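Below: one structure, written as C-alpha cells.
Where a number appears in this text, it was derived from the coordinates with a stated rule and is not lab data. None of the values given here were measured: they were computed from a predicted structure. Quick reminder, even Gly has a Cβ in these numbers, built from the backbone with ideal geometry, and neighbours come from all protein chains shown.
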Amino acid sequence: MSNIRAVKAMEARQVDRLQVRLYENRADLGAAACAAAAQKMKELLSGQEQLRMVFAAAPSQNEFLASLVKEEGIDWSRVAVFHMDEYIGLPEDAPQRFGAFLKERLFDLVKPGQVHLIDSTKPQEECERYTALLKEAPIDIVCLGIGENGHLAFNDPPVADFADTELVKPVELEEACRKQQVNDGCFAALEDVPTHALTLTIPALLSGSHLFCMVPGPTKRLAVEKTLNDAISTACPATILRQHPSCILFVDRDSYGA
C-alpha cells in the first residue's frame, strides 16, 4: 500500500540504458520518485531479509525524502542505510554535515535498523572502515542526484574515475562544486565551504542494483543536458548513468528545459 499520490510523467524516454522521466515541478518529481523507490523497496523486502541503501544529502532530494518519510508499509527495521559523501574539516555539530542532513530529514524519522554515517575526522581510517561496511553485502538501492558540474557524490570531473579501484576515497572539491553549495544556500560564502571531502567512488555508486536519480531545478539544466547528450566520460561524470542496467532519472521542467 502507498499513501503517496500517483503522478504520471509528462514524458518518458530512454537514453542508452537510462530511463528518463519528466515532471511538471519539484513536488511532482519528488512524489513520483518516492513512489518508484518505495515500490522497489517493498518488492525487495518481500524476498530478502535486509535491504541496503545509499542516500544523497542535498536540497535536490528534499521533496523525495519528505515523501519517503510519509510512505506506509516499509519495514525500516530491516533496512541498513549509508550516505555517499561527507565534508572533511567541519565541526561534528555543523548543520551542513551530510550525516546531519539525512538524520534530520530521514533517518531520525523512519528509524532504519542500521545507520552507517561517515566520520570524516580521520579520513584514511574512515575510508577503510566504510569500505569494509560496504563490502559486507551488495548494495540494493542508491538514491542520488547530479551536481551542477555533473558530479555524482563528490566525484567531480577532475577526480572522477569510472574504473576506480577504491570504494571510498578522499577528494579535493572543484570550485564549481563548492560554488554549488553556496548556490544551494548551504553556506553563506565560498570561503566557508570545505575544500576536501570523503566520497563513495563511481564504481561504489554504480554497484547498486537499482538507482533512482532526482535532479530538479534550473541550476541543473546544463548538467542534465550534458548527462543525456555528451559522450560518456569523466568530463561529465553523470554520463556513466547511461550504462547502468537499472537507473531512472527524474527531472522537472526547470532541469530538463521543457
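Quick notes on this one:
- Under a model in which nothing but the beta-carbon of Lys, Arg (+1) and Asp, Glu (-1) is charged, the chain shows a dipole of about 880 debye around its Cα centre.
- Estimated FRET transfer efficiency (Thr219, Asp75; beta-carbon r; R0 45 Å; 0.05): 0.80
- Taking every C-alpha pair closer than 8 Å and separated by at least 6 residues, the mean separation divided by the residue count of the chain gives a relative contact order of 25 percent.
- Among the listed pairs Lys122/Lys179; Lys70/Lys111; Lys103/Lys220, those with a Cα-Cα distance over 18 Å are Lys122/Lys179; Lys103/Lys220.
- P(r) of segment 1-129 over all Cα-Cα pairs, binned every 5 Å from zero, in whole percent: 2, 10, 17, 20, 18, 15, 11, 5, 2, 0
- Sequence ranges 79-86, 6-13, ranked by mean other-Cβ count within 10 angstrom, highest first: 79-86, 6-13
- Mean silhouette area of the chain, derived from the convex hull of its C-alpha atoms and averaged over all directions, reads 12.3 nm².
- Relative contact order of segment 111-219, defined on C-alpha pairs under 8 angstrom at six or more residues apart (%): 34 percent
- Comparing Asn155, Asn62, Asn229 in a Gaussian network model of the chain where C-alpha atoms under 10 Å apart are linked, the largest mean-square fluctuation is found at Asn229.
- Gain on full stretching of the segment that runs from Asn62 to Glu172 - 0.36 nm per residue minus C-alpha separation: 37.0 nm
- Most mobile listed residue (Gly89, Gly208, Gly47) in the chain, GNM with C-alpha springs under 10 Å: Gly47
- Extension gain, Ala27 back to Leu109 (0.36 nm per residue minus Cα-Cα distance, nm): 27.5 nm
- Compared with the alpha-carbon gap, the fully stretched path from Ala188 to Ala6 is longer by 61.8 nm at 0.36 nm per residue.
- GNM flexibility winner over the chain from Leu206, Leu117, Leu109 (Cα, springs under 10 Å): Leu109
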